[in-house]
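Reading through the structure tokens given below for one structure.
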Amino acid sequence: MQNDRFLRALRREPVDATPVWLMRQAGRYLPEYRATRAKAGSFMALCTNPELACEVTLQPLERFALDAAILFSDILTIPDAMGLGLHFADGEGPKFRNPVRSEADVARLGVPDPEGELRYVMDAVRTIRAALGGRVPLIGFSGSPWTLACYMVEGEGSSNFARPKSMLWNEPALMHRLLDTVARSVSTYLAAQAAAGAQALMVFDTWGGLLAPAQFREFSLRYLAQIAATLKADAATRDVPLILFSKGANGHLEALAATGCDALGVDWTISLGDARARVGGKVALQGNLDPAALHASPEAIEAEVGAALASYGDGPGHVFNLGHGITPDVRPERVAALVDAVHRLSARG
Ligand code: CP3
């Protein structure tokens with residue numbers, strides 16, 4: 001490995017400079033991504049073609065001195081492999097042809113075979129890992145059970161996910177059956193990505209913050225803990241750093257850190273210093289610049305980077321990132337200013 005800063009930071013070992021990568025670093029803000037996507041024809045055609053998925057994974061690394069690559073794919077590959085019929089209408093978010101609404105719908109779901117229905121993802125991991133040639137580590141990922149269940153039950157994106165929340169209150173046992181099947185699928189999928197070459201694993205619990213504290217513990221945290229326990233009990237995945245990112249769930253940092261994961265992603269609604277004071281003795285932290293700060297001038301971006309580094313403070317265990325994904329309207333020069341500032345301002349003599 002030529003650059004292992006990211007893996008060292010996740011293990012809370014000393015680094016020469018703070019590593020940085022960005023959620024959605026491969027995406028529509030890059031003209032070369034838009035060109036490859038046009039060539040593929042659709043987002044899913046891009047995800048299911050390992051050569052093209054590899055091409056777009058590497059695009060941001062050609063432009064910026066990023067310290068990690070992330071598999072180009074989507075969190076909704078698991079529900080699609082379960083038979084829900086994922087599609088992206090042009091200009092709209094994800095939709096499922098067969099959402100999960102009844103007991104019969106939940107009973108029909110099985111755990112997808114990562115080397116079967118999801119083989120295209122494992123092929124992408126193998127292709128990208130070979131193409132990286134040890135330049136930087138490759139991150140594999142999945143959605144969390146709760147976040148996947150949100151899309152599976154709602155059938156599409158939403159700001160409040162009323163259908164899954166209604167199932168949670170009216171049919172809690174059914175929601176638990178669904179979450180258990182999804183959690184077993186996620187553990188199997190992540191372990192297979194590690195076996196195929198992913199060197200760190202991240203779980204996106206994008207919608208954890210929709211839940212009140214007791215419901216978060218029962219319907220999201222419990223299954224994140226189940227996944228962490230499964231991966232940490234297996235000799236093949238025990239040493240692969242695991243990052244949990246529950247967006248909007250800052251009230252639960254201590255409980256998330258106690259799952260046995262190696263790092264927590266944090267959004268921008270808490271300072272890194274406060275997050276570190278609560279869990280820094282246990283896990284590394286990844287975050288947490290507001291993605292909207294990428295609209296600011298390069299000078300203002302540099303100042304924000306300096307403030308985030310100062311907030312985290314000295315000592316190991318910080319991976320610089322945004323608090324959520326880059327939006328399509330960001331200018332690539334601003335991303336360059338961010339990545340450069342992280343390395344320059346954090347360089348240790
Ligand atoms: O971070 C990366 O660069 C890796 C690739 C990645 C994508 N999606 C590519 C993508 C990752 C890690 C994801 C995760 C994902 N997907 C999440 C969790 C992270 C988060 O953002 O909260 C969620 C909730 C999804 C579901 C999803 N996929 C939505 C809601 C959308 C539509 C939103 C949009 O930006 O249009 C997608 C599509 C998607 N996934 C795109 C990309 C680059 C845009 C597709 C396009 O090219 O039109």
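Tabulated results
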read-out: Close pairs (6 angstrom Cβ cut-off, 6 or more residues apart or separate chains): over 19 Å from Ala192 (Cα atoms) and assigned to a loop (DSSP other than H, G, I, E, B) in segment 102-122, of a type outside the set (Asp, Glu) and at pLDDT 95 or above anywhere; value: Leu109/Met82; Leu109/Thr181
read-out: Considering residues of segment 139-168 that are within 12 Å of the ligand (Cβ to nearest atom) and among the polar types (S, T, N, Q) only, the residue surrounded by the most Cβ atoms within 10 Å (Cβ to Cβ); value: Ser144
read-out: Subset tally (residues that are under 25 Å from Gly273 (Cα atoms) and open to solvent by 50 Å² or more (accessible area, probe 1.4 Å)) for segment 319-348; value: 6
read-out: Residue within segment 190-213 that is touching a residue at least 12 places away in the same chain (Cβ under 8 Å), charged (D, E, K, R) and within 20 Å of Ile70 (Cα to Cα) present; value: yes
read-out: Looking only at segment 67-83, and only at residues there that are farther than 14 Å from Leu118 by Cα and in contact with a helix residue (DSSP H, G or I) (Cβ under 6 Å, 6 or more places away or on another chain), the one that is farthest from the ligand (Cβ to nearest atom); value: Asp67
read-out: Number of the exception - Ala235 against (1) within 16 Å of the ligand (Cβ to nearest atom); (2) not in a helix (DSSP H, G or I); value: (1)
read-out: Leading residue by the ranking (nearest to Val240 (Cα to Cα)) among those in segment 1-56 that are of a type in the set (S, T, N, Q) and within 16 Å of the ligand (Cβ to nearest atom); value: Gln25
read-out: Tabulated pairs, segment 82-94, first on the phi < 0 side of the Ramachandran plot and part of a loop (DSSP other than H, G, I, E, B), second among the β-branched types (Val, Ile, Thr) and away from the ligand (no atom under 11 Å from the Cβ), C-beta under 6 angstrom, 6+ apart or interchain; value: none
read-out: Residues that are over 29 Å from Gly306 (Cα atoms), in contact (Cβ under 8 Å) with a residue 40 or more places away in the chain and assigned to a helix (DSSP H, G or I), drawn from segment 12-58; value: Phe43, Met44, Cys47, Pro50, Glu51, Ala53, Cys54
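Condition check ((1) surrounded by 20 or more Cβ atoms within 10 Å (Cβ to Cβ); (2) at pLDDT 95 or above; (3) closer than 24 Å to Glu154 by Cα) across all residues:
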residue	(1), (2), (3)
Leu46	yes, yes, no
Ala65	no, yes, no
Leu71	yes, yes, no
Asp80	yes, yes, yes
Gly85	no, yes, yes
Ala89	no, no, yes
Asp105	no, yes, yes
Arg108	no, yes, yes
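The values are calculated or read from the model by the stated rules, or taken from the named source; none is laboratory data. Keep in mind that this is a model prediction, so the values were computed, not measured. A quick note on method: Cβ atoms are made from the backbone with ideal geometry, for glycine too, and the neighbour counts reach across all protein chains shown. Remember, those area values only see protein heavy atoms, side chains included, never the ligands or the DNA or RNA. Shrake-Rupley method; radii C 1.70, N 1.55, O 1.52, S 1.80 Å.
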